[in-house]
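Data block below; observations after.
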Amino acid sequence: MKALILNSGIGHRMGALTQDQPKALVELTPGQTIFGRQLTQLAAAGLREVVVTTGPFADALQAHAAALELPLHITYVHNPEYATTNYIVSMHRAAAELRGRDVLLLHGDLVLQPDVLAELLNAPHSAMAVDSTLPLPDKDFKARLRDGQIVAVGVEFFGADCVACQPAYQFTAADFARWLDTIEAFVRRGERNVYAENAFNALDGSLPLAPLELAGRLCAEIDNPQDLD
């Protein structure tokens, strides 16, 4: 299995904290960054191959990871269009590094408990972290369910068939390849400033994605200083 960490965003909602560094290098505690925590957890879980997409401050990310001296082989895939495209383009650029492999996908601002990571890695089928104990967020991702499977992910979904979710996924190689194929179709026809999940949604439930219940456990994005607090 390979891990994919999406770190090509600007992180403008973090204000001054991301003026001179990527969001992933914001410290959670003194000496521990979001990126460092993720990489340390991946290494502890036994993963050895990581693909990291980059945008601004790519050199800082690479230097930080190297200083950790973890037993990881990290491949960096830069998206030079990070300011004008969404991470659907970053995933498209990283496709060659990921095809044919099971993939753990994490957004670069995600903080999660080790047991959540372990459950994702050990899930027998493609899965995404959801939390039915939380109210539906106004602006963040929700997952739409049908017959016990996730059939759509987006900020726009509301209703009794929806549940709060987080961008922490595990995909089988075959399922991820199907998503990558749809991502490629979106990018080629110019849909480059949408979520990669829009391409997943276009499959209309034909790609099986199971909900992995968090039940209140920590798995959350750091979108702004309030989240960091």
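The values are calculated or read from the model by the stated rules, or taken from the named source; none is laboratory data. Small disclaimer: the values here were computed from a predicted structure and weren't measured. So basically every Cβ, Gly included, is an ideal-geometry build from the backbone, and we count neighbours across all protein chains shown. Ligands, DNA and RNA are stripped out before the accessible areas are found, and what is left, the full protein with its side chains, is counted by its heavy atoms. Shrake-Rupley method; radii C 1.70, N 1.55, O 1.52, S 1.80 Å.
Residues in region 43-96 that are of a type in the set (Phe, Trp, Tyr) and either more than 18 Å from the chain's Cα centre (by Cα) or open to solvent by 70 Å² or more (accessible area, probe 1.4 Å) (or both): Phe57, Tyr82.
Among the residues of region 71-109, those that are under 18 Å from Phe176 (Cα atoms) and in a loop (DSSP other than H, G, I, E, B) comprise Arg99, Gly100, Arg101, Asp102.
Can you find even one residue in region 134-141 that is in contact with a strand residue (DSSP E or B) (Cβ under 8 Å, 6 or more places away or on another chain), open to solvent by less than 40 Å² (accessible area, probe 1.4 Å) and farther than 25 Å from His64 by Cβ?
Here is the first cut: in region 134-141, the residues in contact with a strand residue (DSSP E or B) (Cβ under 8 Å, 6 or more places away or on another chain) are 134-137, 140-141.
Okay, now just the ones that are also open to solvent by less than 40 Å² (accessible area, probe 1.4 Å), so 137, 141.
Checking which are farther than 25 Å from His64 by Cβ leaves us with 137, 141.
Yes.
Taking region 1-28 on its own, how many of its residues are among the polar types (S, T, N, Q), without any contact (Cβ under 8 Å) to a residue 40 or more places away in the chain and not in a loop (DSSP other than H, G, I, E, B)? Spell out the reasoning first.
Start the filter on region 1-28 by keeping residues that are among the polar types (S, T, N, Q), which leaves 7-8, 18-19, 21.
Now drop any that are not without any contact (Cβ under 8 Å) to a residue 40 or more places away in the chain, which leaves 18-19, 21.
Still in the running and not in a loop (DSSP other than H, G, I, E, B): 18.
Of the residues in region 1-28, 1 are among the polar types (S, T, N, Q), without any contact (Cβ under 8 Å) to a residue 40 or more places away in the chain and not in a loop (DSSP other than H, G, I, E, B).
The single condition from (1) open to solvent by less than 10 Å² (accessible area, probe 1.4 Å); (2) part of a helix (DSSP H, G or I); (3) without any contact (Cβ under 8 Å) to a residue 60 or more places away in the chain that Asp175 fails is (1). Taking region 29-68 as the range and being assigned to a strand (DSSP E or B) and under 19 Å from Met91 (Cβ atoms) as the test, the residues that pass are Glu49, Val50, Val51, Val52, Thr53, Thr54, Gly55. Going through (1) more than 18 Å from the chain's Cα centre (by Cα); (2) modelled with pLDDT of 95 or more; (3) buried (at least 19 other Cβ atoms within 10 Å of the Cβ) one by one, Thr33 falls short only on (1).
Across region 183-223, the number of residues qualifying as closer than 16 Å to Pro167 by Cβ, part of a loop (DSSP other than H, G, I, E, B) and open to solvent by 30 Å² or more (accessible area, probe 1.4 Å) comes to 4.
When the criteria are applied in full, Ala164 meets the requirement of being among the aliphatic types (A, V, I, L, M), free of Cβ contacts under 8 Å to residues at least 40 places away in the same chain and more than 22 Å from Ile183 (Cα to Cα). Within region 142-161, being open to solvent by 20 Å² or more (accessible area, probe 1.4 Å), touching a residue at least 40 places away in the same chain (Cβ under 8 Å) and assigned to a strand (DSSP E or B) holds for Leu145, Arg146, Gln149.
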